[in-house]
Amino acid sequence: DQRDQESIMAWLGEAHRRGPRPLRRGGIVAIFTEWRLLRATQTAMQAAGFVMRGIAVWDKTEGARPVPSRLRNQAVFFLWCSKGYLPADPAVPTQAGVLRHAVRSGDKFHLTGKPTDVMRWLVRQVRPGGRILDPFAGSGTTGVAALLEGRSFCGVELDPYYARVASLRLSAAERGKPLHARRLSLPAADGGDSTPCA
């Protein structure tokens, strides 16, 4: 969060050069970014060897923080790429390239957390039964969406507190009973990284 455009481009490029090893040929890589880092993110993804497939938009609605006397920054960009050739797949639906969905406090478990419905929109680009890896899992929203949409999930999170939150959320999603943020109360944890998978 504290990187400028040059450093984010270098860091992302390196992370994505190392990351695609477990990704099968034709697999999809997706990343959210904001307007200041859009160009740097796009350049880093292509420098890492991915083929750009498009940019979709999540419209956070008028609930996004206003900037006095300016246009509201309510658009979040979603870049998606593939590892090489991406054949058409009849099991993957065609969806709108813009999704309008507000952030709701009961569905926000992390400072930069995305709404579960936004992540469900995203994971539908993976065929049913497919596996999704989130190397920056945070509170596990991608995993919850994956399970609710019939995909399997593996996430990596370095922060022990959020790894525990993700584990609780994934367990609840497997039972078909997603957790509400206001009902989740955990003390801060010590320790190392965790890898929640479902």
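What to note about this one:
- All positions within the stretch 94-106 that are in contact with a Gly (Cβ under 8 Å, 6 or more places away or on another chain) and either of a type outside the set (A, V, I, L, M) or modelled with pLDDT of 95 or more (or both): G97
- Remark: R53 matches the filter, which requires a residue to be outside any loop (DSSP other than H, G, I, E, B), open to solvent by 40 Å² or more (accessible area, probe 1.4 Å) and either out of contact with any Asp or Glu (no Cβ under 6 Å at 6 or more places or on another chain) or on the phi > 0 side of the Ramachandran plot (or both).
- Scope the stretch 110-141; condition open to solvent by less than 50 Å² (accessible area, probe 1.4 Å), free of Cβ contacts under 8 Å to residues at least 24 places away in the same chain and either among the polar types (S, T, N, Q) or in contact with a strand residue (DSSP E or B) (Cβ under 7 Å, 6 or more places away or on another chain) (or both); matching residues: I132, D134
- Residue among G84, G63, G155 that is touching a residue at least 40 places away in the same chain (Cβ under 8 Å), in contact with a Lys or Arg (Cβ under 7 Å, 6 or more places away or on another chain) and either open to solvent by less than 40 Å² (accessible area, probe 1.4 Å) or of a type outside the set (F, W, Y) (or both): G84
- Members of the stretch 22-39 found to be closer than 20 Å to E6 by Cβ and either free of Cβ contacts under 8 Å to residues at least 24 places away in the same chain or out of contact with any strand residue (DSSP E or B) (no Cβ under 8 Å at 6 or more places or on another chain) (or both), listed by number: R36, L37, R39
The values are calculated or read from the model by the stated rules, or taken from the named source; none is laboratory data. On a predicted model such as this, the values are computed, not experimentally measured, just so you know. Cβ: placed from backbone, ideal geometry, glycine included. Neighbour counts: every protein chain shown. Side chains included, ligands, DNA and RNA excluded: accessible areas come from the protein's heavy atoms. Shrake-Rupley method; radii C 1.70, N 1.55, O 1.52, S 1.80 Å.
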